[in-house]
Structures are given as structure tokens and as C-alpha cells.
Amino acid sequence: MLFQNFSDLNQLPLTRRKNYIKNFKYEQEILDLLKVIDGSEDDVNLLSFLDYTKIKEGKMCRHIVCVLPYRASCDALEELIKKNKFKHLSKYEILNISGVENEKNFKDTQQFKLKSKM
């Protein structure tokens, strides 16, 4: 089991940069979870759904939505995914619509819809 309690993920991240939070306090645990979801690592308690053959064959997981407790957490997750190597997650385009650094990338929902091809 990766976490004792999922509320542990909502703890304030550890470091600050440019006056806002940039790294997760439990970054290694979040990275471990992402690796299992991705299929880069195994865990008997979790399904590596991005590496699951039936999902890959049917192209059933084209979008992944992450809801995080802080805007800066969105930037931290984006950076964590970009700086690590994954079998499948690395192929995804990250559309960070709520982060501090990217707050002007999507001025309205129409721009987001066009970019995500929803």
C-alpha cells in the first residue's frame, strides 16, 4: 500500500519557489503512485490501468483529469510528470488549466475545449 490515508496527499508541499509551492511534501509517494498507474512499476493493490492491454487496444484512456487541493499543486504535478520517465504518462500532453504559472494559457473554456479536442 502506498499511502496510509489519501488525506496525506493534501499536506502542504515542502518547498517554495517564486512565493508559491512547487514540490509535494510526499513527492516520492506521489511518484510511486503515478508509476503504478502508468505501468512502470507494480503494486498488488492498484491496477496499472495505462498499461492494461484492453484499455490500450480500445484507446479508452485518452484523457486523465487530476483534481488537486491548490493551484500550485497543479504546477507541481506537471513538473513531476515532465521530469520523470514513464512508459505511458510521458506520451500525454499536459493541459494545466489551474496552475499559477499557466493561468493565462486558457482564457476561457472554449480555448481549453479546442486544445483538448473534447
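Taking the conditions exactly as written (of a type in the set (Ser, Thr, Tyr), part of a helix (DSSP H, G or I) and either in contact with a strand residue (DSSP E or B) (Cβ under 7 Å, 6 or more places away or on another chain) or touching a residue at least 24 places away in the same chain (Cβ under 8 Å) (or both)), does residue 40 satisfy them or not?
no
State whether one or more residues within the range 49-67 are farther than 20 Å from residue 95 by Cβ, at pLDDT below 80 and either in contact with a Pro (Cβ under 6 Å, 6 or more places away or on another chain) or not in a helix (DSSP H, G or I) (or both).
Scanning the range 49-67 turns up at least one residue that is farther than 20 Å from residue 95 by Cβ, at pLDDT below 80 and either in contact with a Pro (Cβ under 6 Å, 6 or more places away or on another chain) or not in a helix (DSSP H, G or I) (or both).
Looking at (1) in contact (Cβ under 8 Å) with a residue 40 or more places away in the chain; (2) surrounded by 14 or more Cβ atoms within 10 Å (Cβ to Cβ), which is the one condition that is false for residue 69?
(2)
Which one of the conditions (1) within 14 Å of the chain's Cα centre (by Cα); (2) modelled with pLDDT of 85 or more; (3) exposed (fewer than 12 other Cβ atoms within 10 Å of the Cβ); (4) not aliphatic (A, V, I, L, M) does residue 84 fail to meet, given that it meets all the rest?
Failing condition for residue 84: (3).
Looking only at the range 1-37, which residues are at pLDDT 90 or above, in a helix (DSSP H, G or I) and surrounded by 11 or more Cβ atoms within 10 Å (Cβ to Cβ)?
27, 29, 30, 31, 32, 33, 34, 35, 36, 37
When the residues of the range 87-97 are narrowed to those that are charged (D, E, K, R) and outside any helix (DSSP H, G or I), which ends up surrounded by the fewest Cβ atoms within 10 Å (Cβ to Cβ)?
It comes out as 93.
The values are calculated or read from the model by the stated rules, or taken from the named source; none is laboratory data. Everything numeric in this text was worked out from a predicted model, so none of it was measured. Because the Cβ atoms are built from the backbone with ideal geometry, glycine has one as well, and the counts that use them run over all protein chains shown.
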